[in-house]
Amino acid sequence: MRKARALFVLSTSIGLLCASTGALSKVDAAEAAKLGKELTCMGGDATANADKTIPAFSGKWLGIPPGIQYTPHVGQHPVDPYPDDKPLFEITAANFEKYVEKLTEGQQEMFRRYPTFRIPVYTGRRDFRFDDKVCEVGRKNALEAELIDGGPGFSGYQGTPPFPITTQAMEMLQNTTFPAIAFTEDITMDVANVQRTGEVFWGRKHGMNLNVVTEPDEVGKPMGKIMAYSLTRTLLPVREQGSVSSAVEPVNFSTDKRLAWNYDPGTRRVRQLPMYGYDTPLSGTSGQMTIDQDRLMNGDPGRYEWKTKGKREIYLPANSYRLHGKDVKYANLLTPNHANPDYLRYELRRVWELEGTLKDGFRHAYGKRVLFLDEDTWQASISDYYDARGALWQHAFIAHYYAFDLKGWHAGNSFYHDLNTGNYIGYNLFQELPIGPVLNAGKMVPTMFGPEALRQIGN
């Protein structure tokens, strides 16, 4: 369940040394004091870029902005605080080569393969901020958090990315794994398997997620052993209907494993899943997504060697309110090869580029994965995936928006494009459903998850 990034570029050798020793994981008081000033409280550069195409961080709004009619914690569809914004320009298959420095390899390939693909570029907006308590914990983490044995374990405090100021790849990966997100999420989502012809095969799930580390009463406490609990019911396709899975997510994958169980309605039995993660196919996606692709990267990072390739500016989906509106119809959104660009909003933003290369002796469908982490949120917004031969295979992105319910950024719709077949998955869709994600409503406890909860479903 998570994502995000930090500050400067080291050589690979130095980066590896730091990761193995834990050196440089803490910053001094003078550096930490920059958080909330010249840096955002997440460690992003608060200033504008040289030509002002990335604005300075204002952080003028916390929660529901003025003039917006919104009822939190009930699943109201997102409301756009920028309804009058229009694209400044569009990047197309005809002109994308002018912008390659600010495009990922996957985006460039989308332009090469699909003449209909467009990136509408809007004015950048950096108007929303995190709660003061979250920012306070971030400053404390900057001073005290450390990797344990080079990661992925770490010491630190719950509720915010542990390393807001960092140059180390593993610390960045932990930031994107532990962003400041909703502590409870209750969602029914549609999953669209869109063929290159435009034909759509549908899946539907109901999910409950309890993110322990961002629960309000737990924010600021020392990091424990459990990160999150989840329970997912399959509603469609009909052949999988009634199947329910539940998982417990650890904090430290080097010492603990993700535990998962499944209830099979055919046998009415609950069994523990020996493997739940990595490149195991994700249910409801016709095998086109892996479990560790949800939110672009999740779970045990240990099969990959991670390195940072530095900070850069790219065009990525941001402030994606229009896309998630209740007036959006799937028939208009899910066009062949890619989602309808008319509903998308891209902005120029600073990101950390994080690259994972499969280690010798390990297996995974993806030989390399490259994540692009938004400096203001530490959430991964774009990922490009490569096969075992090093050839670009998939391009995926998440359309984030600031959720007024949680006073933080939420992962909305995501799109996973298979560049070999021309098919793509529209994931986490809810536009045509009566309610959207119910965030931070509470009403979840650990006993609602795990094998006993599944047995009660069977009974």
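Computed from the coordinates by the stated procedures, all read-outs in this text should not be read as laboratory data. Please read these numbers as outputs of a predicted model, since none were measured by experiment. Please note: Cβ atoms are built from the backbone with ideal geometry, for glycine as well, and neighbour counts cover all protein chains shown.
3J(HN,Hα) along region 40-45: 5, 5, 8, x, x, 6 Hz, from the Karplus curve 6.51 cos²θ - 1.76 cosθ + 1.60 with θ = phi - 60°, whole Hz, x for Gly and Pro.
For region 356-459, applying the loop criterion from DSSP together with a ceiling of 13 other beta carbons within 10 Å to the trypsin sites (Lys or Arg not before Pro) yields 359, 363, 389, 443. The antiparallel fraction among DSSP beta bridges confined to the chain stands at about 95%. Pairs exceeding 28 Å between alpha-carbon atoms, taken from 102/221; 221/359; 257/307: 102/221; 221/359. Relative contact order, whole percent, for the chain stands at 21, derived from Cα pairs under 8 Å and 6 or more residues apart. Using θ = phi - 60° in the Karplus curve 6.51 cos²θ - 1.76 cosθ + 1.60, the 3J(HN,Hα) couplings for region 288-301 round to 8, 10, 9, 4, 7, 8, 4, 6, 6, 7, 8, x, 5, x Hz; x is entered for Gly and Pro. Scan (1) 0.92; (2) 1.06; (3) 1.24 for the value of Cα Rg over 2.2 N^0.38 Å calculated from this model and give just the label. Derived directly from the coordinates: (1).
How many angstrom lie between the C-alpha centres of region 401-447 and region 120-149? Using only Cα atoms to place each centre, the spacing works out to 21 Å. If you take all other residues with their beta carbon under 11 Å from the beta carbon of residue 58, and give Lys and Arg +1 and Asp and Glu -1, the sum is +3. Quick check: Cα centre of region 246-283 to Cα centre of region 299-377, how many Å? Centre-to-centre (Cα) distance: 25 Å. Sites count as exposed loop sites when they are GluC sites (Glu not before Pro), lie in a DSSP loop, and have at most 11 other Cβ atoms within 10 angstrom; the longest stretch of the chain without one is 200-459. Computed 3J(HN,Hα) for region 243-257, one whole-Hz value per residue from the Karplus formula 6.51 cos²θ - 1.76 cosθ + 1.60 where θ = phi - 60°, is 5, 10, 10, 9, 9, 10, 9, x, 7, 10, 6, 7, 10, 10, 10, glycine and proline marked x. In terms of its C-alpha gyration tensor, region 183-252 comes out prolate, because a/c is 1.5 or above and the ratio a/b outweighs b/c. Remark: for residue pairs 225/309; 140/407; 86/329; 133/309; 34/60, the C-alpha separation exceeds 23 Å in 225/309; 133/309.
This model, with +1 at the C-beta of Lys and Arg and -1 at the C-beta of Asp and Glu, gives the chain a dipole about its Cα centre of some 500 debye.
What shape does region 374-456 have by the C-alpha gyration tensor, where a ≥ b ≥ c are the square roots of the eigenvalues, rounded means a/c under 1.5, and otherwise prolate means a/b greater than b/c and oblate the rest? Prolate, because a/c is 1.5 or more and a/b exceeds b/c. Considering only 283, 157, 399, the residue lying farthest towards the positive end of the dipole of the chain is 283, judged by Cα position with unit charges set on Cβ.
The relative contact order of region 312-459, computed from alpha carbon pairs under 8 Å that lie at least 6 residues apart in sequence, is 20 percent.
Ignoring everything except DSSP H segments at least 4 long, calculate the 222 nm mean residue ellipticity for the chain; use -39,500 (n - 2.57) per segment, divide by total residues, nearest 500. -3500 deg cm²/dmol, from helical runs alone. Dipole orientation for region 351-459: of the candidates 410, 428, 365, 365 has the Cα lying most toward the positive pole (charges on Cβ; Lys, Arg +1; Asp, Glu -1). Along the chain, the longest continuous region that contains none of the chymotrypsin sites (Phe, Trp or Tyr not before Pro) in a DSSP loop with at most 13 other C-beta atoms within 10 Å is 9-361.
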